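These notes are about the structure you will find just below.
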């Protein structure tokens, strides 16, 4: 009897859940359904997630413009520095660990290689030259200088450049056993100091191909948690802030090297992955500029000794540095082709954007081609690919404007799940896209990496944790405090409750209704004109005062905030919940308030209907479906 009773309860809950979901989907509305509580899976419903009172999105972000006038002016005044790449094509390329000739007008090519070997993070040495190298010769080491002679017509020619390559490790040659479970590759490539909007300005081809053709997801509400690159990368790579880790700053008596930090690549390495990490700009290395660096190489393939030996700004012979980096990633995938050895790679490019505004634009076409190569070579089949930045511009005139302060806190961060992962877990992509507009942080990326290592689609996340996997539902009601973001880094707008009798509230609701009626004018013979019935509640969304006051970090380590800026906001947002007549429609709208002239402006994309409209718009239901939430057919008045 008890068993039968439990079964009846289970069936009832499932039926009720489906009924509720059907009811939710019958609602009309403008803007994102996430504002109205998001979507819930049946599993979440049965696990007891509240559906009676859907949560409201707590972190509301200011809507940034791609080309506001003050930004356009800054970009127009800046110039792109000449790259200085050689016009002569490199004679030799490295493919799958062997030297290959790529020129046809040079003959009798013979080369010698000088291996470059790491001593420590601040010293490298050259080893004895290896002579007699020709096309098809195996590379002598991961990094080397190549000197070649050859003949062009009757003249002797010389060629010299440096190579970052991948010499296969013996431990991976022996590891040929098939894994007991599916292991997913991770490929992360980043640029220094690029906001989400700046990426879209400077890399438009890349962004379009990445998001529209490859369907990658950009985390639009991604928020930094500290000042500078270490404060951005340490939470991603260790799950902790710099202060939570052992002291590693140069000049401190108890400082130690960073080897014993809980690096995420150690977890991947322990699970049989080959690992790769590197950055250019070695003179300001993330873990060497202020810190003591690594005692031992942190990953199987570590770029620092090569970058120190080369120390080039924009080019390596005829190859721009961004291509040298993507070539190194490609070589890792060639040398360790197949699924026997899963791969974790993270390369970070700094020199184009560390102090420049527009230099990054020169990489746009190459980056798009590289993404197409990843697709054509089936690398996207089983690889999580992440394109990201650490933070937005910090030292440019952009930060003299309010939008610049928000851009600093909102770097570009995007991810694409593997094709095979998408097939195995069909809800994962929808969850990721849902999380795109929810508050996320570098701590979440660390949690996501751990999730990739041991993915469980049925795991219920602990919302109390600071870091949450973006492959699982990020809570709608997440705040900066819950996510571990200090006030002066929080780019969420502040909420202030307004009295519903405040004239500003009434005017805000009426501005929305005026917008409704302007859309209904062409259908005035079918749809009734709307008027304000009552206001339920109102909030004023203001800029975070600590964001406006933040000028810079007042210490060299980026730990103490200087809040002396006197910048004032020129706008605010009013969120108003109100009912219209004669349709008894309940709406939630966000209206922009200009603080200079006290004008109000409403936008249809910022409005949601939050009760059911049913058959009210039947007279235009199929003719003008976008007006369903606001049209009340006149025939019903009779």
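The values are calculated or read from the model by the stated rules, or taken from the named source; none is laboratory data. Fair warning: this is a prediction, and the values are worked out from it, not measured in the lab. Because the Cβ atoms are built from the backbone with ideal geometry, glycine has one as well, and the counts that use them run over all protein chains shown.
Quick notes on this one:
- Inspection of the stretch 420-430 finds no residue satisfying the criterion of being free of Cβ contacts under 8 Å to residues at least 24 places away in the same chain, in a loop (DSSP other than H, G, I, E, B) and in contact with a helix residue (DSSP H, G or I) (Cβ under 9 Å, 6 or more places away or on another chain).
- Residue in the stretch 426-435 that is under 23 Å from residue 344 (Cα atoms) and buried (at least 20 other Cβ atoms within 10 Å of the Cβ) present: yes
- Test: residue in the stretch 396-408 that is in a helix (DSSP H, G or I) and modelled with pLDDT of 90 or more: yes
- Qualifying residue in the stretch 301-323 (condition: buried (at least 22 other Cβ atoms within 10 Å of the Cβ) and either assigned by TED's automatic domain parsing to the domain that holds residue 114 or within 23 Å of residue 450 (Cα to Cα) (or both)): yes
- Flag for residue 356 being at pLDDT below 95, farther than 25 Å from residue 97 by Cβ and surrounded by 22 or more Cβ atoms within 10 Å (Cβ to Cβ): no
- Qualifying positions in the stretch 597-638 - within 34 Å of the chain's Cα centre (by Cα), exposed (fewer than 15 other Cβ atoms within 10 Å of the Cβ) and modelled with pLDDT of 85 or more: 601
- Some residue of the stretch 448-457 being touching a residue at least 24 places away in the same chain (Cβ under 8 Å), in a loop (DSSP other than H, G, I, E, B) and farther than 17 Å from residue 390 by Cα: yes
- Residue match in the stretch 321-334 (condition: outside any helix (DSSP H, G or I) and either at pLDDT 95 or above or out of contact with any helix residue (DSSP H, G or I) (no Cβ under 6 Å at 6 or more places or on another chain) (or both)): no
- Residues considered: 125, 118. Of these, the only one that is surrounded by fewer than 19 Cβ atoms within 10 Å (Cβ to Cβ) and touching a strand residue (DSSP E or B) at 6+ places or on another chain (Cβ under 9 Å) is 125.
- Taking (1) touching a helix residue (DSSP H, G or I) at 6+ places or on another chain (Cβ under 7 Å); (2) more than 30 Å from residue 489 (Cα to Cα); (3) surrounded by 14 or more Cβ atoms within 10 Å (Cβ to Cβ) in turn, residue 536 satisfies each apart from (1).
- Flag if residue 287 is touching a residue at least 12 places away in the same chain (Cβ under 8 Å) and in a helix (DSSP H, G or I): no
- If the condition is being in contact with a helix residue (DSSP H, G or I) (Cβ under 7 Å, 6 or more places away or on another chain) and farther than 15 Å from residue 402 by Cα, then the stretch 484-495 contributes 484, 487.
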